[in-house]
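This report concerns only the one structure given below.
The values are calculated or read from the model by the stated rules, or taken from the named source; none is laboratory data. From a predicted model like this one, the values you see are computed outputs, not experimental measurements. Every residue, glycine as well, gets a Cβ built from its backbone with ideal geometry; the counts of neighbours run over all protein chains shown.
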Amino acid sequence: MTKAATMRGIPWRLENGGCAALPLPADESIARVARAHVTELLPALGLSIQDVDDITLMVSELATNVLQHATSREGASGAELWVYQRTDGSGRDELVVKAFDTLRGWRPQEDAGRPMLEHGRGLEIIDLLTRGRWGHHPSRSRLRTPAVRGKATWIALPLPRSARRRRHAWRRDEPHATKDLHALLVQRGVEHLSPRDELGVRVLSGNGDLTVWCEAATFRWHARTGETGRLPIADITEVCEELVRLHECMND
């Protein structure tokens, strides 16, 4: 499968604002394949050798974690590796790496046949190297059609200023940005949001569960749970991730 095919129309180059999404095998090669994928992507971001080493180590732990604790009894994990940039809420950019699998929770430890200590050691390494910038949340696949439900385990690390030079290549005017976001959500199986105009503001809404407004180069949203959010159009990949997470949480 080519890179263009796996991306399904989403920009490939990380420095152009895209999200790299790649399939992972459901066998012992998963960590090696994940490392190889990430190693190909990092040179464009101006990272130090130490940063690259740390990221590849954590990616190995994420991938191994999927194999050991999130693979179904049938063996097929449906795992994917996602890599993209986002702002951290404080005006700085960070690199996000997510390992997606199709199990909502972790497989019971007694079924996995490995002690919890082994599971915890990898997460301890990740917690140390990311300084706590990691977690997991409900999500939907990127590479399957139709998209399937599961979870994403993520890590985030700060990026040098040099990595920002060419990042914002998405269309940044409100009508086109709303159209792009709607297309991304439909690809992920979130199909109930319809675009419309509301007093000159572009809006995505449907069923009263979730409403998204796009104005002043910013997306903002409100869910029926009371959760709200706001991110710049340039962070459209992260906006999509947040909205998919909200959709899945509300459906749970």
Which numbered condition trips up Thr178, out of (1) buried (at least 20 other Cβ atoms within 10 Å of the Cβ); (2) in contact (Cβ under 8 Å) with a residue 40 or more places away in the chain; (3) not in a strand (DSSP E or B)? (2)
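Across the stretch 88-118, what is the number of residues that are modelled with pLDDT of 75 or more and hydrophobic (A, V, I, L, M, F, W, C)? Full working, then the answer.
To start, the set of residues in the stretch 88-118 that are modelled with pLDDT of 75 or more comprises 88-104.
Going one step further and asking which of them are hydrophobic (A, V, I, L, M, F, W, C), we end up with 95-97, 99-100, 103.
Residues that pass the stated criteria total 6.
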Taking His192, is it within 17 Å of the chain's Cα centre (by Cα), more than 25 Å from Ser90 (Cβ to Cβ) and either not in a strand (DSSP E or B) or not assigned by TED's automatic domain parsing to the domain that holds Val148 (or both)? no
Taking only the stretch 173-211 into account, find how many residues are under 24 Å from Pro138 (Cβ atoms) and in contact with a helix residue (DSSP H, G or I) (Cβ under 7 Å, 6 or more places away or on another chain). 10
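To keep it simple, each residue is scored yes or no on (1) closer than 30 Å to Leu67 by Cβ; (2) aliphatic (A, V, I, L, M); (3) modelled with pLDDT of 95 or more.
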position: Gly150; (1), (2), (3): yes, no, no
position: Leu157; (1), (2), (3): yes, yes, no
position: Gly200; (1), (2), (3): no, no, no
position: Asn207; (1), (2), (3): no, no, no
Residue ID - farthest from Arg171 (Cα to Cα), chosen from residues in the stretch 212-249 that are surrounded by fewer than 17 Cβ atoms within 10 Å (Cβ to Cβ) and of a type in the set (Ser, Thr, Tyr): Thr225
Taking helices (runs of 4 or more DSSP H) that fall entirely within the stretch 1-87, which contain at least 3 residues that are modelled with pLDDT of 90 or more and either surrounded by fewer than 22 Cβ atoms within 10 Å (Cβ to Cβ) or not assigned by TED's automatic domain parsing to the domain that holds Leu157 (or both)? 30-41, 49-69
